[in-house]
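Following: one structure in structure tokens, then a few remarks.
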Amino acid sequence: MQTITPFIEKQGIVCTETVAGPNALVVFGASGDLTHRKLLTGIFKLFSQDLLNESFYVLGCGRKTFSDEDFREKAIQSIRDNIDSVSPEGLDAIANKLYYLDGDYNDPDYYQRIRAKLTQLNREHRVHNRVVFYLAVPPFLYAPIVEHLGSAGLTCPAKPESREKVKLVLEKPFGRDLESAVELNNHITRYFSESQIYRIDHYLGKETVQNLLMLRFANTIFEPVWNRNFIDNVQISIAETVGVEHRAGYYDTTGALRDMFQNHMLQMLTLVAMEPPISFEADRIRDEKVRLLRSVRPFDLNRLDEFWVRGQYGPGTLNGKTLKGYLDEPGVNPDSKTETFVATKLFIDNWRWQGVPFYLRTGKRLAAKDTEIAITFKKIPYSLFSSVGLNELPANVLVFHIQPEESISLSFQAKRPGSKLCMSTLNMSFSYERLFSVHLPDPYKRLLLDCMIGDQTLFTRQDDIEVSWQLLSPILHAWEQDASAPYTYAAGCDSFAEADRLIEADGRQWRKVLHD
Ligand code: BG6
């Protein structure tokens, strides 16, 4: 049984949180990085805040041979490494809910053992056969694991009306292009219906990203100006300082367009630009996101260079440290043409956005970690202050700053104290951490809870995935056939000439990457 806990903290502040019902969480890839850095930490946070049901347990599945005890020890270490203060009692209590079963993902017998283990643990923990299967494994294992789960009878409860008791969580990337995404989906939907599938995009679990919905649709002041009449352009940037790290095997065959753009960037775009949904229900919000993606103007493949820039980091320095170029990173093919940076200009063909350029860029090994969405409004039509030389006044800019600090700010022109005509750009801003004096919740904590309570709002639906691949697959295929390599940029730079030209050709500039 799910409990909804509404609480009113002060007048005008309404918070609700739903406590998960009985649930088993079966994690494939349980000895991997994602499980230990993100999932177990997220679970521990939910557990410590009483958001998990007493009837809950985790069964880790993986290839490495571990006992329950080994898994518990490793899990406790990961939780300690990732959370500042943890109580020993809390750790003991969660440890007692962790189990592990090793095996070969391709062996049908493994799934029979999982089945037997679940039957035993479900009874012991009274989870009423509610199971979430979380695939924290490389994407090539999605189809075989789902197939085996299906063949072992693990995907459908005895009664069809109890279907939603069994859920499947998949990490990105979902497919490599339109064709593979459709194929993967056809495969998965043989065993799971869409209402059971939770495709994770962890950006949707970030507070400021979710706040786009609140800010746009819980206020009256934004909607009247949220359109081509008032907005000059929108910029969405995800700059990272990290390079390819230990992930060359995955990244070198993936690249920035598939790794960051098809998912995180386009998801942020949809929340900024979609029409108001008719309700806050998951599918009504997801309908509008898909509608928006369908309105993105397809790119003219003969003019791709006008709309897209690909880059790859070369050697450079960051904070005084010398950094290798991408081609020298361990595991990277020395002739690789994989892009580690991508920037585009796109247009949305609907009444709201006709003619407004959206500039999007993301890259690794840039000067700072900085993610933001910036809405730049049009300039004033005429300056009253031209007599004193103030002809060109800066435009108002509304910025959703997503990381490293989550904040929202609005810039405007205002008088400074002193002489009669003295003006400058001021910022009205609030920082979540400073205002609420809390560390912002980890996206995985939010997403794990939502999945357990059955709320699909922050998960991507198949049609969303397909429309985004429809838009991007032709570009990927064109690049694959293009003999030229991406432009090289120096590791640690803010931007580079070719990326700048993309926006400067329109008489605009990228916003500066914020340094720490
Ligand atoms: C992941 C990408 O989805 O997002 C990584 O695979 C990237 O390449 C990461 O580094 C960025 O996430 P965040 O939350 O640190 O911005």
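The values are calculated or read from the model by the stated rules, or taken from the named source; none is laboratory data. As the structure is a computational prediction, the values presented were derived from the model and not from experiment. Positions of Cβ are backbone-derived with ideal geometry, glycine not excepted, and every protein chain shown enters the neighbour counts. Quick note on the areas: whole protein, heavy atoms, side chains included, nothing else; ligands and nucleic acids left out. Shrake-Rupley method; radii C 1.70, N 1.55, O 1.52, S 1.80 Å.
Output the residues belonging to the stretch 254-268 that are within 12 Å of the chain's Cα centre (by Cα) and not charged (D, E, K, R). Don't jump to the end; show me each part of the working.
Kept after step one, since they are within 12 Å of the chain's Cα centre (by Cα), are these residues of the stretch 254-268: 259-268.
The answer is Met260, Phe261, Gln262, Asn263, His264, Met265, Leu266, Gln267, Met268.
Take the residues in the stretch 499-511 that are open to solvent by 50 Å² or more (accessible area, probe 1.4 Å) and at pLDDT 95 or above; name whichever of them is nearest to the chain's Cα centre (by Cα).
Looking only at the stretch 499-511, we keep the residues that are open to solvent by 50 Å² or more (accessible area, probe 1.4 Å), and these are 501, 504-509, 511.
When the remaining residues are screened for being at pLDDT 95 or above, the result is 501, 504-509.
Numbers: Arg501: 28, Glu504: 29, Ala505: 30, Asp506: 29, Gly507: 31, Arg508: 27, Gln509: 26 Å.
Applying the filter and picking the extreme gives Gln509.
Does the stretch 10-57 hold any residues that are part of a loop (DSSP other than H, G, I, E, B), within 30 Å of Arg247 (Cα to Cα) and among the charged types (D, E, K, R), and which are they?
Our first condition is that a residue be part of a loop (DSSP other than H, G, I, E, B); within the stretch 10-57, this holds for 10-13, 20-22, 29-32, 49-55.
From the residues that got through so far, the ones that are within 30 Å of Arg247 (Cα to Cα) too are 29-32.
None - no residue of the stretch 10-57 is part of a loop (DSSP other than H, G, I, E, B), within 30 Å of Arg247 (Cα to Cα) and among the charged types (D, E, K, R), so the list stays empty.
Quick test for you: out of Val388, Val356, pick the one residue that is away from the ligand (no atom under 16 Å from the Cβ) and either under 16 Å from Leu426 (Cα atoms) or open to solvent by 10 Å² or more (accessible area, probe 1.4 Å) (or both).
Details: Val356 fails: either under 16 Å from Leu426 (Cα atoms) or open to solvent by 10 Å² or more (accessible area, probe 1.4 Å) (or both).
Just one listed residue meets the conditions, Val388.
Can you confirm whether Gly243 is open to solvent by less than 30 Å² (accessible area, probe 1.4 Å) and at positive phi? First the steps, then the outcome.
Working: open to solvent by less than 30 Å² (accessible area, probe 1.4 Å): yes; at positive phi: no.
So Gly243 does not fit the description; no.
Among (1) in contact with a strand residue (DSSP E or B) (Cβ under 6 Å, 6 or more places away or on another chain); (2) surrounded by 16 or more Cβ atoms within 10 Å (Cβ to Cβ); (3) not basic (Lys, Arg), which single condition is Leu458 missing?
Against the list (1) in contact with a strand residue (DSSP E or B) (Cβ under 6 Å, 6 or more places away or on another chain); (2) surrounded by 16 or more Cβ atoms within 10 Å (Cβ to Cβ); (3) not basic (Lys, Arg), Leu458 comes up short only on (1).
Quick one: which of Ala478, Ala483 is open to solvent by 20 Å² or more (accessible area, probe 1.4 Å) and at pLDDT 95 or above? If you could, list the steps in order and put the result at the bottom.
Details: Ala483 fails: at pLDDT 95 or above.
Of Ala478, Ala483, the one residue that is open to solvent by 20 Å² or more (accessible area, probe 1.4 Å) and at pLDDT 95 or above is Ala478.
Taking the stretch 306-332 as the search range and keeping residues that are open to solvent by 80 Å² or more (accessible area, probe 1.4 Å) and acidic (Asp, Glu), which one is farthest from Phe261 (Cα to Cα)?
Asp328
May I ask you to verify whether Arg446 is basic (Lys, Arg) and either surrounded by 13 or more Cβ atoms within 10 Å (Cβ to Cβ) or modelled with pLDDT of 95 or more (or both)?
Yes, satisfied.
For Ala368, state whether it is in a loop (DSSP other than H, G, I, E, B) and within 16 Å of the ligand (Cβ to nearest atom).
Working: in a loop (DSSP other than H, G, I, E, B): yes; within 16 Å of the ligand (Cβ to nearest atom): yes.
Spelling it out, Ala368 is indeed in a loop (DSSP other than H, G, I, E, B) and within 16 Å of the ligand (Cβ to nearest atom).
Please go through the stretch 264-284 and pick out each residue that is within 11 Å of the ligand (Cβ to nearest atom) and open to solvent by 10 Å² or more (accessible area, probe 1.4 Å).
Matches in the stretch 264-284: none.
Using the structure shown, decide if Phe496 is in contact (Cβ under 8 Å) with a residue 40 or more places away in the chain, in contact with a strand residue (DSSP E or B) (Cβ under 8 Å, 6 or more places away or on another chain) and within 16 Å of the ligand (Cβ to nearest atom). If you could, list the steps in order and put the result at the bottom.
Working: in contact (Cβ under 8 Å) with a residue 40 or more places away in the chain: yes; in contact with a strand residue (DSSP E or B) (Cβ under 8 Å, 6 or more places away or on another chain): yes; within 16 Å of the ligand (Cβ to nearest atom): no.
No, not satisfied.
Go through the residues of the stretch 119-136 one by one and say whether even a single one is out of contact with any strand residue (DSSP E or B) (no Cβ under 7 Å at 6 or more places or on another chain), of a type in the set (Lys, Arg), closer than 28 Å to Phe192 by Cβ and free of Cβ contacts under 8 Å to residues at least 24 places away in the same chain.
Within the stretch 119-136, one or more residues are out of contact with any strand residue (DSSP E or B) (no Cβ under 7 Å at 6 or more places or on another chain), of a type in the set (Lys, Arg), closer than 28 Å to Phe192 by Cβ and free of Cβ contacts under 8 Å to residues at least 24 places away in the same chain.
Please note which strands (runs of 3 or more DSSP E) are completely contained in the stretch 253-361 and include at least 3 residues that are in contact with an Asp or Glu (Cβ under 9 Å, 6 or more places away or on another chain) and touching a residue at least 60 places away in the same chain (Cβ under 8 Å). Steps first, please.
On the way: elements: 308-314, 316-318, 321-323, 341-346.
Answer list for the stretch 253-361: 308-314.
Pairs under 8 Å by beta carbon, first residue more than 18 Å from Glu281 (Cβ to Cβ) and of a type in the set (Lys, Arg) in the stretch 437-456, partner away from the ligand (no atom under 16 Å from the Cβ) and open to solvent by 30 Å² or more (accessible area, probe 1.4 Å), six or more apart or different chains?
Lys445/Lys45
Table: residues versus (1) within 20 Å of Cys451 (Cβ to Cβ); (2) in contact with a helix residue (DSSP H, G or I) (Cβ under 6 Å, 6 or more places away or on another chain); (3) among the polar types (S, T, N, Q).
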{"residue": "Asp70", "(1), (2), (3)": "no, no, no"}
{"residue": "Ile94", "(1), (2), (3)": "yes, yes, no"}
{"residue": "Tyr111", "(1), (2), (3)": "no, yes, no"}
{"residue": "Val146", "(1), (2), (3)": "yes, yes, no"}
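Of all residues in the stretch 13-26, count the ones that are open to solvent by less than 80 Å² (accessible area, probe 1.4 Å) and at pLDDT below 75.
Taking the stretch 13-26 first, the residues open to solvent by less than 80 Å² (accessible area, probe 1.4 Å) are 13, 15, 17-26.
Okay, now just the ones that are also at pLDDT below 75, so 13.
Total meeting the criteria: 1.
Can you find a residue that is within 28 Å of Asn263 (Cβ to Cβ) and open to solvent by less than 20 Å² (accessible area, probe 1.4 Å) anywhere in the stretch 414-431?
There is at least one residue in the stretch 414-431 that is within 28 Å of Asn263 (Cβ to Cβ) and open to solvent by less than 20 Å² (accessible area, probe 1.4 Å).
Assess whether Thr376 counts as being within 21 Å of Asn211 (Cα to Cα), in contact (Cβ under 8 Å) with a residue 12 or more places away in the chain and open to solvent by less than 70 Å² (accessible area, probe 1.4 Å).
Values: within 21 Å of Asn211 (Cα to Cα): yes; in contact (Cβ under 8 Å) with a residue 12 or more places away in the chain: yes; open to solvent by less than 70 Å² (accessible area, probe 1.4 Å): yes.
Yes: the conditions hold for Thr376.
Restricted to the stretch 348-363, and to residues that are of a type outside the set (Phe, Trp, Tyr) and more than 16 Å from the chain's Cα centre (by Cα), which residue is nearest to Pro486 (Cα to Cα)?
Residues of the stretch 348-363 that are of a type outside the set (Phe, Trp, Tyr), as a first pass: 348-350, 352, 354-357, 360-363.
Now drop any that are not more than 16 Å from the chain's Cα centre (by Cα), which leaves 348-350, 352, 354-357.
Working: Ile348: 26, Asp349: 29, Asn350: 32, Arg352: 34, Gln354: 30, Gly355: 28, Val356: 27, Pro357: 23 Å.
This residue is Pro357.
Could you check, for the stretch 394-412, whether at least one of its residues is acidic (Asp, Glu), under 21 Å from the mean Cα position of the chain (by Cα), farther than 30 Å from Pro486 by Cβ and surrounded by fewer than 21 Cβ atoms within 10 Å (Cβ to Cβ)?
Taking the stretch 394-412 and keeping what is acidic (Asp, Glu), we get 405-406.
Restricting the remaining residues to those that are under 21 Å from the mean Cα position of the chain (by Cα) gives 405-406.
Now drop any that are not farther than 30 Å from Pro486 by Cβ, which leaves 405-406.
Then drop every residue that is not surrounded by fewer than 21 Cβ atoms within 10 Å (Cβ to Cβ), which leaves 405-406.
Scanning the stretch 394-412, I find at least one residue that is acidic (Asp, Glu), under 21 Å from the mean Cα position of the chain (by Cα), farther than 30 Å from Pro486 by Cβ and surrounded by fewer than 21 Cβ atoms within 10 Å (Cβ to Cβ), so the answer is yes.
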